[in-house]
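The values are calculated or read from the model by the stated rules, or taken from the named source; none is laboratory data. No experiment lies behind these values; they were computed from the predicted model shown. In this analysis, Cβ positions are derived from the backbone assuming ideal geometry, glycine residues included, and neighbour counts consider all displayed protein chains. To get the accessible areas, we keep the full protein, side chains included, count just its heavy atoms, and leave off ligands, DNA and RNA. Shrake-Rupley method; radii C 1.70, N 1.55, O 1.52, S 1.80 Å.
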Amino acid sequence: GLGTVLTQGIVTKVEGLLCEVKIGGLTVPGVRLRASETEDEGQMLIVPKAGTAVTVGSLTGDLSELVVLHVDHVETVTINGGRLGGLVNVAELTERLNALVDAFNGHTHQGTHGPTGAPLKGADAFSREDYEDTKITH
């Protein structure tokens, strides 16, 4: 029939833009991870971890042409094709930047007759709010 069918299953393996999902006693290969199989450099791709629960949908009403709609545990998320690289781990970046600020602020040049040159202007500490994009978290 043409009715929309939703069901749940467990991802058994992932290959590229497709995965295999165990639904009850049946393992279904070729389940799409994206709405289409079109190669697209700007794609949004959510890759589920093997062993995680997923909700899958079928627009054909049977087990052909299944698409993963929701994922419990994610292996990777690629947005806009991933061209910009990974997201920043904000806490670690802030810690490293502030260690650099501390080293900079505590640095003086010692000459044989004491400090040489004008002292460096102190640097301000970094705050994660200055560069954290909270629309996407990881």
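Please report the antiparallel percentage of the DSSP beta bridges confined to the chain, to the nearest 5.
Values: 27 of 28 bridges.
If we restrict to bridges inside the chain, about 95 percent are antiparallel.
Name all residues of the range 38-70 having a backbone nitrogen under 13 Å from the label point set 7 Å from the Cα of Gln8 along its Cα→Cβ direction, giving them as ranges.
From the range 38-70, the list is 52-56, 70.
Once fully extended, how much extra length lies between Phe104 and Thr78, figured as 0.36 nm per residue of separation less the alpha-carbon to alpha-carbon distance?
Working it through step by step, the gained length comes to 5.7 nm.
Quickly estimate the mean residue ellipticity at 222 nm for the chain, helices only: each DSSP H run with n ≥ 4 gives -39500 (n - 2.57), and the total goes over all residues, rounded to 500. Write down the numbers at each step before the final one.
Details: 1 runs with 16 residues, N = 138.
About -4000 deg cm²/dmol.
Can you tell me the convex hull volume per residue for the chain, based on C-alpha atoms, in Å³ to the nearest whole number? Before the final figure, lay out the partial values.
Numbers: hull volume 21.2 nm³, N = 138.
Roughly 154 Å³ of hull volume per residue.
With the chain treated as a Gaussian network of Cα nodes joined by springs under 10 Å, which of Leu69, Leu100, Leu59 yields the largest mean-square fluctuation?
Leu100
Please give the helix 90-105 orientation as an angle from the longest Cα principal axis of the chain, in degrees from 0 to 90, rounded to the nearest 10.
It is inclined by approximately 10 degrees.
What is the set of long-range amide H partners of Leu66 at a cut-off below 5 Å, with H atoms built 1.01 Å from backbone N?
Sorted by chain and number, the residues that satisfy this are Arg32.
Which peptide among 22-28, 44-50 comes first, and what is the full order, when sorted by highest mean count of other Cβ atoms within 10 Å? Mind showing how you got there, number by number?
On the way: 22-28: 11.7, 44-50: 16.0.
Descending mean neighbour count gives 44-50, 22-28.
May I ask you to evaluate 6.51 cos²θ - 1.76 cosθ + 1.60, the Karplus curve with θ = phi - 60°, for each residue of the range 48-60 and list the ³J(HN,Hα) values in order in whole Hz, giving x for glycine and proline?
x, 6, 4, x, 8, 7, 9, 9, 10, x, 10, 7, 8
For the range 3-75, what is the per residue volume of the convex hull drawn over the alpha-carbon atoms, in cubic angstrom?
Numbers: hull volume 5.9 nm³, N = 73.
Once divided by residue count, the hull of the range 3-75 is 81 Å³.
With every protein chain in place, what's the accessible area of Glu95 (1.4 Å probe, Å², nearest 10)?
Roll a 1.4 Å probe over it and Glu95 shows about 140 Å².
Taking all protein chains in place and a 1.4 Å probe, what share, in percent, of the accessible surface of the range 1-100 do carbon and sulfur account for? Before the final figure, lay out each step's value.
On the way: 3570 of 6470 Å².
Its accessible area is 55 percent carbon and sulfur atoms.
At a Förster radius of 30 Å, what calculated FRET efficiency corresponds to the Cβ-Cβ distance of Leu87 and Thr60, to the nearest 0.05? Spell out each step's value before the answer.
Numbers: r = 36 Å, r/R0 = 1.20.
It comes to 0.25.
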